[in-house]
Every structure is written in structure tokens, then in C-alpha cells.
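A.B. asks: Please read through the structure below; I'll follow up with questions.
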Amino acid sequence: MTLLDLGRIRLFSTDLGPPDAPALLLVHGWGGDGREWSPHGEALAGRFRVLVPDLRGHGRSEVLDAGNTPAEMAADLAALIDASGTGPVTAVGHSMGGQVVNLLAVRHPHHVRSVIALDPAHGADGAEVEQIPARLAEYEQHGARAAADFVADAFSPQAPPGLRTAHVRTMLGTPDHVIAQTYAGMYTNHGAVGVRPHSEAYLRRRPQPALTVWTSAQAAAWERGTLRVPGSRVEHWPNTGHYLHEERTDRAIGLIRDWAARETAD
């Protein structure tokens with residue numbers, strides 16, 4: 001468990017498993033931190049080397065005044081992979097982390113073997129797009145408090161006890177300016193890829209096979225139409241909240257293990 005000086009940023013990251021094993025990179029989402037991947041990291045470390053960073057501005061990583069965007073986070077992760085000497089990784093991301101690992105795959109393709117994106121922060125359409133300006137204004141004015149209200153509604157009735165409270169608490173601990181900058185970086189900044197036409201353009205540029213899991217049937221159907229690389233697929237997990245990897249931990253571990261084992265065996 002180390003705070004690594006990567007030159008461009010100091011990132012806190014854990015490194016589990018055999019150093020010469022095929023590598024997994026597990027990336028949290030907006031207002032989260034790497035602790036949400038703890039059971040997955042433990043379960044997967046017997047077979048894989050598992051890197052679990054806190055993204056810039058989150059958790060125990062350095063907080064910068066500016067530049068808290070998914071694109072910069074993807075560049076940070078490329079630097080982390082270089083510093084760790086893992087070679088190409090299977091990059092796994094949830095929510096904003098799903099956008100980050102796809103940007104990593106597109107912008108730094110030699111660092112990524114394949115991608116797993118869980119309810120990723122792309123493909124926004126319709127009413128969701130219409131709400132973006134008002135939500136950004138709320139985050140710019142109220143920061144983490146407004147974001148915590150949004151996150152509190154992201155769980156199914158089947159979510160494990162304490163999961164909602166843990167994520168609200170972590171969100172409230174994220175600096176207000178980071179909340180607003182990362183949201184703008186996902187959806188409204190020049191070059192942002194969160195809205196559907198821009199999402200489709202960047203997904204067409206992804207050269208690696210990808211597995212995407214959605215809790216929305218409509219989003220899953222849309223993304224199936226974007227697939228271009230052989231071996232890629234989209235799954236739909238109904239009756240599950242946004243934090244699907246924690247609501248269905250064992251299923252998520254099995255999904256990651258089986259996909260990564262297949263990709264590293266090829």
C-alpha cells in the first residue's frame with residue numbers, strides 16, 4: 001500500500017498478488033475510493049496481480065486544484081501501469097471508473113489488454129442529458145452534499161446493509177471542487193464522452209475486446225449496437241442497483257475472473 005509519486009500526480013494504490021501474474025486494474029467511480037474493491041482484490045489476488053488505485057482527488061491520493069477529469073485520470077493510470085511494470089492490464093471500472101478505463105484503452109492502447117465496464121458513465125441520453133446542466137449547477141454550488149443525495153438513491157432494496165451509508169460517507173469526504181470538476185469532465189467539458197453521440201465515437205476507437213454490464217436493459221441494448229471488436233459482449237443485470245459489483249460481489253468476482261482468465265490465455 002503506497003503513495004506513488006508518478007511525476008504528474010501522487011496516487012495511493014494497493015498492489016496484491018504475485019508480481020509476475022497477469023494484471024488486473026480495478027478502478028472505482030465518482031466520489032468513491034479503492035476500498036470498494038477490497039473483497040474482489042482479495043479473491044482475485046491468488047491468480048492475478050491486482051492494482052487498486054484511488055483516483056486523483058479521491059481517497060488517499062493527491063488533491064489538485066484543477067484537472068480533475070476522467071481524461072487526466074486515464075493518463076494517471078497509464079503512468080501507474082508504467083511504474084508498476086505490469087505490462088498490459090485487464091482494466092475494470094465502475095461508473096466514472098468505467099469511463100476512465102475506456103479512455104485509458106483508447107488513449108493508451110498498449111497499456112490495456114481488455115476492458116470490463118460496470119454501469120459505466122457513458123451513453124447518457126434523453127431525460128438524463130436534459131438534467132445535466134441543473135445537476136452540474138448543484139454540484140458547483142453545493143459539492144459533495146448534492147452528490148451524496150444523488151448517490152443515496154443508487155441502491156436496490158437488496159443492497160447489503162451499510163452499503164448505502166458507506167458510499168454516502170465516502171462521497172461526503174470528497175472535496176467539493178473535485179465533485180464538480182469530475183462531473184463536468186464526464187459530461188460537459190470540451191471532449192467529454194459521457195453523452196451518447198460522443199460515447200459512440202470514442203467506443204468506436206477502442207481497439208480491445210470489452211465486456212460491459214448494465215443495470216438498464218435500454219442501455220445494454222444500445223451498447224450492443226456499438227460493439228466492433230470480436231469477443232466483446234454486453235450483459236444486463238436486472239433488479240440491481242448502480243453499485244452492482246458490491247450488491248452482487250460474488251457474481252462480479254466470477255465475471256472478472258472468467259473474463260480475465262480467457263483474455264490472458266489467448
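The values are calculated or read from the model by the stated rules, or taken from the named source; none is laboratory data. Quick caveat, the model's predicted, so the values are computed rather than measured. All Cβ positions, even for glycine, are placed from backbone atoms using ideal geometry, and neighbour counts span all protein chains on display. In case anyone asks, the SASA skips ligands and DNA or RNA and just uses the protein heavy atoms, side chains included. Shrake-Rupley method; radii C 1.70, N 1.55, O 1.52, S 1.80 Å.
A.B. asks: Summing -39500 (n - 2.57) over the DSSP H runs of n ≥ 4 in the chain and dividing by its residue number, what mean residue ellipticity at 222 nm do you reach, to the nearest 500 deg cm²/dmol?
C.D. replies: Numbers: 11 runs with 119 residues, N = 266.
Taking each H run of at least 4 residues, the total per residue is -13500 deg cm²/dmol.
A.B. asks: Under the classification rounded if a/c is under 1.5, otherwise prolate if a/b is larger than b/c and oblate if not, where does region 167-215 fall, given a ≥ b ≥ c as square roots of the Cα gyration tensor eigenvalues?
C.D. replies: Working: a/c = 3.00, a/b = 1.62, b/c = 1.85.
Oblate is the answer for region 167-215, as a/c is 1.5 or above yet b/c matches or exceeds a/b.
A.B. asks: Any chance you could list the semi-axes, whole Å, largest first, of the equivalent ellipsoid that the Cα gyration tensor gives for region 182-259, using √(5λ)?
C.D. replies: Numbers: eigenvalues 104, 57, 29 Å².
In descending order, the three semi-axes are 23, 17, 12 Å.
A.B. asks: Round to the nearest 0.05 the FRET efficiency obtained for GLU140 and ALA217 when R0 = 30 Å and r is the Cβ-Cβ distance.
C.D. replies: Working: r = 33 Å, r/R0 = 1.09.
For R0 = 30 Å, the calculated efficiency reads 0.40.
A.B. asks: Mind checking which of GLY7, GLY34, THR69 is farthest towards the positive end of region 1-136's charge dipole, using Cβ charges of +1 (Lys, Arg) and -1 (Asp, Glu) about the Cα centre?
C.D. replies: GLY7
A.B. asks: Moving on. Give the share of C-alpha pairs in each 10 angstrom bin for the chain, from 0 to the last occupied bin, in whole percents, shortest bins first.
C.D. replies: Using 10 Å bins, I get a P(r) of 7, 33, 40, 18, 1 for the chain.
A.B. asks: May I ask for the distance between the Cα centers of region 143-159 and region 196-225, given as a whole number of Å?
C.D. replies: Cα centroid to Cα centroid, the span is 24 Å.
A.B. asks: Would you calculate the separation in nanometres between label points at SER38 and ASN189, each defined as 7 Å from the Cα along the Cα-to-beta-carbon direction?
C.D. replies: Placing both labels 7 Å along Cα→Cβ, they lie 3.1 nm apart.
A.B. asks: Among rounded, prolate and oblate, which fits region 143-199 when a ≥ b ≥ c are the square roots of the eigenvalues of its C-alpha gyration tensor, a/c under 1.5 means rounded, and a/b larger than b/c means prolate?
C.D. replies: Numbers: a/c = 3.62, a/b = 1.61, b/c = 2.25.
Note, shape of region 143-199 comes out oblate.
A.B. asks: Here's a follow-up. Quickly rank 59-69, 203-213 as a protection proxy: mean count of other C-beta atoms within 10 Å, highest first.
C.D. replies: Numbers: 59-69: 16.9, 203-213: 20.5.
Sorting 59-69, 203-213 by mean packing, highest first, produces 203-213, 59-69.
A.B. asks: Still on this structure: Give me the mean projected area, in nm² to one decimal, of the convex hull enclosing the Cα positions of region 1-69. Walk me through the numbers before you get to the answer.
C.D. replies: Numbers: hull surface 18.9 nm².
Taking a quarter of the hull surface, the average projection is 4.7 nm².
A.B. asks: Based on Cβ point charges of +1 for Lys and Arg and -1 for Asp and Glu, what charge dipole magnitude is obtained for region 25-68 about its Cα centre, in debye rounded to the nearest 20? Don't skip to the end; give the middle numbers.
C.D. replies: On the way: 5 positive and 6 negative charges, 45 e Å.
It comes to approximately 220 debye.
A.B. asks: Roughly how big is region 31-177's charge dipole about its Cα centre, with Cβ charges of +1 (Lys, Arg) and -1 (Asp, Glu), in debye to the nearest 20? The partial results should precede the final answer.
C.D. replies: On the way: 11 positive and 18 negative charges, 125 e Å.
Roughly 600 debye for region 31-177.
A.B. asks: Using modelled amide H (1.01 Å from N, peptide plane; none on Pro or chain starts), what sits under 5 Å from the amide H of SER232, excluding residues fewer than 5 places away?
C.D. replies: It is ALA210, by chain and number.
A.B. asks: Okay, moving on. Rg over Rh of region 105-212, using C-alpha atoms and the Kirkwood radius, what does it come to? Could you put the intermediate results ahead of the total?
C.D. replies: Numbers: Rg = 15.6 Å, Rh = 15.5 Å.
Across region 105-212, the Cα-based Rg/Rh ratio is 1.00.
A.B. asks: Another one. Per residue of region 51-58, what does 6.51 cos²θ - 1.76 cosθ + 1.60 with θ = phi - 60° give for ³J(HN,Hα)? Whole Hz please, x for Gly and Pro, Karplus curve as stated.
C.D. replies: Using θ = phi - 60°, the values come out as 9, 10, x, 8, 5, 3, x, 10 Hz.
A.B. asks: Right, another one. Return the carbon/sulfur percentage of the accessible area of the chain, one whole number, probe 1.4 Å, all protein chains in place. Please list the in-between numbers first.
C.D. replies: Working: 5540 of 11020 Å².
Looking at the chain in its full context, I get 50 percent from C and S.
A.B. asks: Charges at C-beta only: +1 for Lys and Arg, -1 for Asp and Glu. How large is the resulting dipole of region 76-136 about its Cα centre, in Debye rounded to 20?
C.D. replies: Values: 3 positive and 6 negative charges, 43 e Å.
The calculation lands at about 200 debye.
A.B. asks: Apply the a/c threshold of 1.5 to the C-alpha gyration tensor of region 135-266 and tell me whether it is rounded, prolate or oblate.
C.D. replies: Details: a/c = 2.13, a/b = 1.29, b/c = 1.66.
Oblate is the answer for region 135-266, as a/c is 1.5 or above yet b/c matches or exceeds a/b.
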